[in-house]
Amino acid sequence: MALRPGRTRTERPQPVYPAIELRSVRRSYGRGEAAVHALRGVDLALPRGSFTAVMGPSGSGKSTFLQCAAGLDRPSSGEVLLGGVEITGLDENRLTELRRSRIGFVFQSFNLLPSLTVRQNVLLPQRLAGVSQDRRRADELLARVGLGEHGGRRPGQLSGGQQQRVAIARALITEPEVVFADEPTGALDTRTAQEVLGLLRQAVDSMGATVVMVTHDPVAASFADRALFLADGAIVDELWSPQPEAVAGRMLALTAAPGRYAGAAA
Ligand code: ADP
Ligand code: MG
């Protein structure tokens with residue numbers, strides 16, 4: 001095979017794996033008649049550099065989906081692959097290691113450590129992963145989220161929106177394969193929410209991040225490239241370039257007549 005100038009055999013292009021892939025993922029709680037089937041066979045592959053919103057009525061399986069995809073919970077069956085690596089079979093230590101280095105998290109409640117400075121919070125994933133702490137990168141990320149002057153402060157001195165921006169910088173510090181965000185704007189007012197969503201969008205567009213966000217807000221979903229709709233543990237619908245009105249319409253249909261979608265998994 002001809003090699004391009006400057007390219008050696010060891011630099012042969014690798015196959016491009018999806019950032020995250022779920023294959024026939026099922027998750028049940030309990031057994032027998034009392035079993036709850038929270039996920040009933042989810043198949044999904046999300047490319048790098050994509051922004052996906054996951055929506056669905058309460059109890060449809062959104063949190064279970066996120067936990068299984070992020071390696072925080074183990075599927076009852078099926079596989080989860082992170083950057084082409086199957087994580088479902090890893091032991092607890094390897095899984096923890098992988099979560100720390102290759103997955104970023106943004107929570108509704110920010111989850112910053114109050115005793116650490118903002119900069120130390122951003123560096124925490126590197127510290128936990130046991131890699132050298134890159135202060136310059138932390139400060140660059142803080143500047144990107146508009147908090148360049150706030151590295152030495154404590155989270156308690158910041159507003160909710162600012163704290164969530166710190167959480168986004170923290171989620172990006174290890175250049176993770178995927179950032180999972182669980183209702184990241186649930187505790188914020190509308191305007192602050194838009195700023196935070198704009199930053200997630202920017203992380204995808206200008207830094208190549210991959211974001212998966214659970215939300216029940218159609219406006220929040222409209223910042224994503226694609227909205228997935230869960231009902232009764234299955235993906236039953238999707239919208240590309242989701243507009244708030246269209247998302248609200250799908251949600252209404254799911255809530256009003258969930259049975260219509262039964263068995264219609266994409
Ligand atoms: P959502 O986040 O969309 O509200 P969840 O993923 O939290 O949905 O829950 C999906 C289903 O699984 C629900 O019926 C819920 O009651 C059930 N479930 C979730 N976690 C547990 C658990 N630890 N034990 C038993 N049932 C659970
Ligand atoms: Mg939930």
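The values are calculated or read from the model by the stated rules, or taken from the named source; none is laboratory data. Here the structure is a predicted model, which means the values were calculated and not measured. With ideal geometry, Cβ positions are generated from the backbone for all residues, glycine too; neighbour counts draw on all protein chains shown.
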### Message
I want to confirm something. Restricting to segment 23-53 and keeping residues that are within 14 Å of ligand 1 (Cβ to nearest atom) and aliphatic (A, V, I, L, M), which single residue is modelled with the lowest pLDDT?
### Response
Ala34
### Query
Pick from Phe107, Phe180: which is surrounded by fewer than 22 Cβ atoms within 10 Å (Cβ to Cβ) and either of a type in the set (A, V, I, L, M) or touching a strand residue (DSSP E or B) at 6+ places or on another chain (Cβ under 6 Å) (or both)?
Phe107
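Here's the yes/no breakdown for (1) touching a Phe, Trp or Tyr at 6+ places or on another chain (Cβ under 8 Å); (2) among the small types (Gly, Ala, Ser); (3) within 26 Å of Leu22 (Cβ to Cβ):
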| site | (1), (2), (3) |
| --- | --- |
| Glu175 | no, no, yes |
| Ala193 | no, yes, no |
| Leu197 | yes, no, yes |
| Ser206 | no, yes, no |
| Val211 | yes, no, yes |
| Phe223 | yes, no, yes |
| Arg226 | yes, no, yes |
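Answer with yes or no whether Glu33 is acidic (Asp, Glu), outside any loop (DSSP other than H, G, I, E, B) and in contact with a strand residue (DSSP E or B) (Cβ under 6 Å, 6 or more places away or on another chain). Full working, then the answer.
On the way: acidic (Asp, Glu): yes; outside any loop (DSSP other than H, G, I, E, B): yes; in contact with a strand residue (DSSP E or B) (Cβ under 6 Å, 6 or more places away or on another chain): no.
Against the criterion (acidic (Asp, Glu), outside any loop (DSSP other than H, G, I, E, B) and in contact with a strand residue (DSSP E or B) (Cβ under 6 Å, 6 or more places away or on another chain)), Glu33 does not qualify.
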### Task
Can you confirm whether segment 40-48 contains a residue that is among the small types (Gly, Ala, Ser), within 16 Å of ligand 2 (Cβ to nearest atom), farther than 17 Å from Thr210 by Cα and surrounded by 16 or more Cβ atoms within 10 Å (Cβ to Cβ)?
no
